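The values are calculated or read from the model by the stated rules, or taken from the named source; none is laboratory data. Keep in mind the model is a prediction, meaning the values are calculated, not measured. So basically every Cβ, Gly included, is an ideal-geometry build from the backbone, and we count neighbours across all protein chains shown. For the accessible areas, the whole protein counts, side chains as well, though only heavy atoms, and no ligand, DNA or RNA atoms are used. Shrake-Rupley method; radii C 1.70, N 1.55, O 1.52, S 1.80 Å.
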Amino acid sequence: MEQILTIITNKMRKAFESAGYDASYGQVTVSNRPDLCEYQCNGALAAAKQYKCAPIQIANAVVSQLDAADYDMVEAVMPGFINLKLSGAFLQQYLEGMRTAPDFDVKKIGQGQTIVVDYGGANVAKPLHIGHLRPAIIGEALKRLHKFLGYNTIGDVHLGDWGLQMGLIIAELQERQPELPYFDPAFTGEYPAVAPFTVDELEEIYPTASAKKKDPEFSHKAHQATLELQQGHRGYRAIWQHIMNVSVADLKRNYDNLDVYFEKWLGESDADPYIPAMVDDLKARGIAVLSEGAWVVPVAEESDKKEIPPMILVKSDGSSIYATTDLATIVQRMQDWNPDKMLYVTDKRQNLHFEQVFRAARKAGIIAAETEMEHVGHGTMNGADGKPFKTRDGGVLRLETLIADMTDFVRAKVVENKIVSDDEVEETTRKIAMAALKYGDLSNQPTKDYNFDMERFAAFEGNTGPYILYTIVRIKSILAKYGDWENLPIQLPANASAKDLMLSITKLSPTLEAAVRASAPNLICAYIYELAGCVNKFYHETRILGEEDKEKQAGYIALIALAKNILETCISILGFSAPEKM
Ligand code: ARG
């Protein structure tokens, strides 16, 4: 279905034409004076210049050509604005179209296009910490949004599993257990099937090793181990496989916990087989050049306002780095999936890295001219005091701990308010906690920093996830009391708040399109907050279950049922869901 704005713009264009003016002046916009009207057209003002007459004269002529049945009000006002309020009949028909079609008849603008969403960004051997919350939540929402709009979506976690952190662990392990067969060059047998560490040990080994980076001797060993791992050292590859097995299982469990699911669990290491041919090719074509012993791809452009240094392809010691694997990953994605677009969700501090990689990919012809590359760089989540989030002893907070804290906080409320029976406490708590956490994040523009404020995020009132859930639950309970609510047709608006609610419902499609264009889930949050507000206002001003006119009542029910379905669809795009009771 076309969006309302398109429909009434088309009608306005026809009216300009019938009145003898050029159709191009018929663009309608959402009113910037909602106190006066819902939509407006300022085309008469511009047309007046071409036709050399008073704008109000044109506006009047155009208005007389419009179909009065579409509008409650259509007015030409000085100096030449056309102000519109849609008629109840128009809205009724539009909403009935939304109600009876799959997915509210939202246009599948992504049909036939494939998009890779690279998000999550977990690093093996390290537990997820709070810095991983935003890329996981924002990436999942963007992926689901694309999917809803018809795109073929591939979410890839792109594990950090190939860089120096692997060398650090290997070097540290060698210091602790030099007798292991992985370190014996003469060993030709089969390596043990069981890892020489547990996930907990691994999570201790890594930071210990990382802290020793300053020691030049240890650092050299770690770099050497990284290089040899990448070059295929048999023992190191076996250790690497152990690290992967132990760590990925743990990461999966953590992402599951957040309702974040990846189609692909690929990582930097999966790009490795693509590196040699890619590097040879870039060297042969002169795209990569030697600079101080390293191979680099110059990516500066004349129009640059700040300096963009060359992308390092191969370091002087022959090893590959983050940018190398990212470029090779693009080779793999183009070969295997040929996507129309790649979207990367990481901390915005990686902006330069992606700028370099995208430019190198374009320069080298690894992507097509029309392949879209976008980095959604997000801001930082700080503590409630606005300072960087730290544990009491100054360490980095684990994501698991943060989720557990939020869950405990919500559980206490659920129990105290006796919201559900004992056996439903956990399920209800989990849903509310997820909504609090995710909406608290997603309602901010991705690039902005925000403060994590448990009390505010978990509040049942205000611009919060739980408030949205509460609204859904309230509607569900009315519907349950009403009974058979599923197939009731939309009626004319019964009062002003019904009309406001109907207008809000029509904004679903423009909101989703704007959100996908700007990679901004916050627009969906703002929309459902407005929609929930309209529902609650309607509820307070209208006797729904007490209404004696059964026909009228059925219209109320049809309207709130549609609102509920839309709210539920939107929160499922955002990555959470509503409980039965709250
Ligand atoms: N593992 C990286 C990090 O922790 C994030 C990976 C993001 N994706 C990518 N293709 N580089 O910073």
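Quick notes
- Looking only at the range 127-143, and only at residues there that are farther than 16 Å from L266 by Cα and out of contact with any strand residue (DSSP E or B) (no Cβ under 8 Å at 6 or more places or on another chain), the one that is farthest from the ligand (Cβ to nearest atom): A141
- Residues that are charged (D, E, K, R) and buried (at least 18 other Cβ atoms within 10 Å of the Cβ), drawn from the range 540-567: K564
- Selection over the range 150-168 of residues that are more than 10 Å from the ligand (Cβ to nearest atom) and of a type in the set (A, V, I, L, M) gives a count of 4.
- Cβ pairs under 7 Å, 6+ apart, first in the range 163-185 and of a type in the set (D, E), second assigned to a helix (DSSP H, G or I): E172/I205; E172/T208; E172/A209
- Which numbered condition A69 fails, given (1) within 17 Å of F90 (Cβ to Cβ); (2) in a loop (DSSP other than H, G, I, E, B): (2)
- Lone unmet requirement of (1) aromatic (F, W, Y); (2) more than 14 Å from the ligand (Cβ to nearest atom); (3) within 25 Å of the chain's Cα centre (by Cα) for W265: (2)
Rundown of residues vs (1) open to solvent by less than 10 Å² (accessible area, probe 1.4 Å); (2) touching a strand residue (DSSP E or B) at 6+ places or on another chain (Cβ under 8 Å); (3) in a helix (DSSP H, G or I), yes/no style:
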residue: P178; (1), (2), (3): no, no, no
residue: Y206; (1), (2), (3): no, no, yes
residue: A209; (1), (2), (3): yes, no, yes
residue: L227; (1), (2), (3): no, no, yes
residue: Y236; (1), (2), (3): no, no, yes
residue: I239; (1), (2), (3): yes, no, yes
residue: A249; (1), (2), (3): no, no, yes
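- Selection status of G139, under 23 Å from T371 (Cβ atoms) and outside any helix (DSSP H, G or I): no
- Residue ID - farthest from L133 (Cα to Cα), chosen from residues in the range 385-440 that are in a loop (DSSP other than H, G, I, E, B) and of a type in the set (S, T, Y): S421
- Of the residues K221, K147, K214, the single one that is more than 14 Å from the ligand (Cβ to nearest atom), open to solvent by 60 Å² or more (accessible area, probe 1.4 Å) and either within 28 Å of the chain's Cα centre (by Cα) or within 25 Å of V248 (Cα to Cα) (or both) is K147.
- The range 334-386, subset in contact with an Asp or Glu (Cβ under 7 Å, 6 or more places away or on another chain) and among the charged types (D, E, K, R), residue most open to solvent (accessible area, probe 1.4 Å): E372
- Selection over the range 304-328 of residues that are of a type in the set (V, I, T), within 15 Å of the ligand (Cβ to nearest atom) and surrounded by fewer than 23 Cβ atoms within 10 Å (Cβ to Cβ) gives a count of 2.
- Per-region count, the range 8-25, residues closer than 19 Å to E38 by Cα and surrounded by 16 or more Cβ atoms within 10 Å (Cβ to Cβ): 7
- Residue within the range 352-363 that is within 14 Å of the ligand (Cβ to nearest atom) and in a loop (DSSP other than H, G, I, E, B) present: no
- Just one of the listed residues (I115, I130) is in contact with a Phe, Trp or Tyr (Cβ under 6 Å, 6 or more places away or on another chain) and at pLDDT below 95, and it is I130.
- First in the range 112-125 and of a type in the set (D, E), second anywhere and within 10 Å of the ligand (Cβ to nearest atom), Cβ under 6 Å, 6 or more apart: D118/D156; D118/H158; D118/Y344
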